[in-house]
Each structure stands twice: as C-alpha cells, then as structure tokens.
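Structure first, then comments.
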Amino acid sequence: MNRHLSYFTGKRVWITGASSGIGYALADALGGAGVATLVSARRRDRLDALAARHASISVLELDLADRDSIADAAARAWDMTGGIDVLINNAGISQRSAFVEAQPAALERVINVDLLGTMRLTQTVAARMVTVGSGHICAVTSVAAKIPTPQRTAYAAAKAGVHALFDAMRGELEPVGITVSLAVPGYVNTEISTHALTGTGAEHGVIDRNQATGRSAESCAGEILRGLAKRKREFYVSMAPRIWLGLALRRVAPGLLWKTLAKARIT
C-alpha cells in the first residue's frame with residue numbers, strides 16, 4: 001500500500017460527489033486499498049458500479065440541493081459506518097453564464113449546492129466528530145476561489161465562501177482534535193464543465209478546453225490523498241503554469257490580472 005493510503009487504514013471515509021471525476025477517483029483509490037468508504041451522489045447507478053468494484057465501498061444517495069434531507073443523510077451515514085473519521089466534501093456544480101444575463105434560480109442553485117449544501121453537511125458531521133474528539137474534514141474547492149474568472153460568478157463566490165467557512169471553523173475544530181483541510185484543484189479532466197449550469201439553468205453540455213487538457217482525475221485524487229495524509233490545512237493540486245502566474249499577479253499586480261481576465265476569451 002502507498003504510504004499516503006496507509007493514513008486511511010482503519011478509518012471510515014465519506015466522499016460526496018463520488019459518481020464521477022475527482023470523487024470517483026478518490027473512492028476508487030481508497031476502495032482499492034480496502035478502506036471503508038461511503039460514497040454519495042445523486043446518480044445511484046454510478047455509485048452502485050463503484051461498490052461492485054470494491055467490497056469496502058457502501059452507497060448512500062445524497063442531493064445537497066435538498067436541504068431537508070441532509071441532516072437525516074448524515075445520521076444514516078454515521079449509523080451505516082459506525083462513525084465518520086474523514087469527510088471529503090467533493091460534490092458541486094459549476095457555472096457558464098454572464099452574471100447579468102443569468103436567471104436568479106440558476107445562480108442560487110450553484111450557491112445552494114456548492115456552499116450551503118457543503119456547510120449544512122459539514123456542520124452536522126462536525127458536531128458528531130466533536131463528541132468523539134477526532135476527525136478530518138476536507139473540502140475540494142477550486143482555484144476559482146482565488147482567481148474568479150468571468151462566466152463563473154456564482155461558482156467563484158460559492159468556492160470562496162467555502163474557503164472562508166473552513167478557515168473560520170478551523171480555529172474552533174482543531175483545538176478539539178479535528179483536522180480541517182482545503183484541497184484546491186486547478187485544471188482536471190472531469191465532467192464538471194459538461195454539467196455546469198448556463199444562465200437558464202440548463203447544462204452547458206460541452207467540455208471546456210482547460211478540462212479536456214487538464215490532469216487526470218486519478219492523478220488529482222492521488223495528490224489530494226497525499227495532502228490529506230500529511231494533514232495539510234490548504235494545498236493546491238493539478239496546477240498549470242498559467243494558474244501559478246495568475247496567483248502571483250493577484251498578489252503583486254492585481255490590476256493587471258483583472259485587466260487580463262476582462263480581455264480573455266472565456267467560455
């Protein structure tokens with residue numbers, strides 16, 4: 001077993017958004033190592049296919065947009081596993097629409113799933129972790145939280161909100177034995193742009209070039225698991241040189257960054 005996977009040995013891991021992309025790759029890696037892993041998403045057929053591959057994987061359907069079901073799902077997850085040691089908040093949807101042209105419901109759905117759904121689930125699980133005095137909570141966010149680009153207004157706001165949420169709760173949870181981590185991916189070859197919401201709330205239906213040419217989900221998942229095994233508070237994964245340049249410009253020449261983004265052809 002890889003050294004970073006040994007961190008998860010004997011732990012019970014819950015991964016949201018596990019039906020595809022990074023979440024699927026995380027679950028596949030942990031399941032292949034025999035780690036007790038609970039997977040959640042809306043697409044039950046894909047979760048069942050994962051469970052069929054690995055005996056250590058179990059399934060719990062979850063829709064983070066359904067606020068009234070989250071507390072019950074968390075209780076069922078805890079009962080199914082006997083307790084959650086590691087929660088990886090990976091579920092989310094992206095956006096491809098101009099802010100002023102988007103229907104409010106489409107923007108609100110992104111915020112509801114990516115920020116509020118993550119917050120509600122994390123709060124419920126963290127409360128239970130506090131009672132046992134241990135645990136590890138991670139959110140897989142996006143470099144959009146650091147470099148908010150056009151056509152991603154609600155998505156960037158949601159991811160930035162998750163960063164603020166996790167940074168704030170870290171000071172409350174770390175003193176009682178709970179590790180809080182933020183994994184920040186750059187370009188990863190997943191379905192995230194295909195399922196992104198347009199201004200009408202319909203799916204974008206196209207894989208963007210940045211995703212198509214990005215790192216594989218398996219490679220990204222490996223980096224995330226290594227970061228969690230090292231108990232890192234915040235770490236970047238699957239980064240491209242132009243993203244590092246953007247982060248540097250934000251620090252030293254933010255005006256140039258905003259001018260560059262305003263002129264860039266972003267879809």
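No value in this document is a laboratory result; all are computed from the given coordinates. Predicted model, so just to flag it, every value in this text is computed and none were measured. Counting neighbours? That spans all protein chains shown, and the Cβs are built from the backbone with ideal geometry, glycine included.
Things to note:
- Relative contact order, percent, segment 3-240 [alpha-carbon distance under 8 Å, six or more residues apart]: 21
- On full extension, the segment bounded by A202 and T131 gains 21.4 nm, given 0.36 nm per residue less the C-alpha separation.
- Extension gain from R233 to R76, taking 0.36 nm per residue of separation minus the Cα-Cα distance: 53.7 nm
- Extended-chain gain in nm, criterion 0.36 nm per residue less alpha-carbon gap, E61 and R44: 5.5 nm
- Between 0 and 90°, nearest 10: helix 21-32 axis offset from the chain longest Cα axis: 20
- Selection from F166, I111, A91 lying farthest towards where the dipole of the chain points positive, charges on Cβ: F166
- Each helix, a run of at least 4 DSSP H residues, gives -39500 (n - 2.57); summed and divided by the residues of the chain, these come to -14000 deg cm²/dmol at 222 nm.
- Electrostatic tally near M239: other residues with Cβ closer than 10 Å to its Cβ, Lys and Arg +1, Asp and Glu -1, net +1.
- Cβ-defined net charge surrounding T200, 14 Å radius [Lys, Arg +1; Asp, Glu -1]: -1
- In this rough spin-label picture, where each label sits 7 Å from Cα along the Cβ direction, the R3-T213 distance is 3.4 nm.
- Ranked by how many other beta carbons lie within 10 Å on average, peptides 115-127, 238-250 from highest: 115-127, 238-250
- Taking the Cα centre of the chain as origin and assigning +1 to Lys and Arg Cβ atoms and -1 to Asp and Glu Cβ atoms, the resulting dipole is close to 1000 debye.
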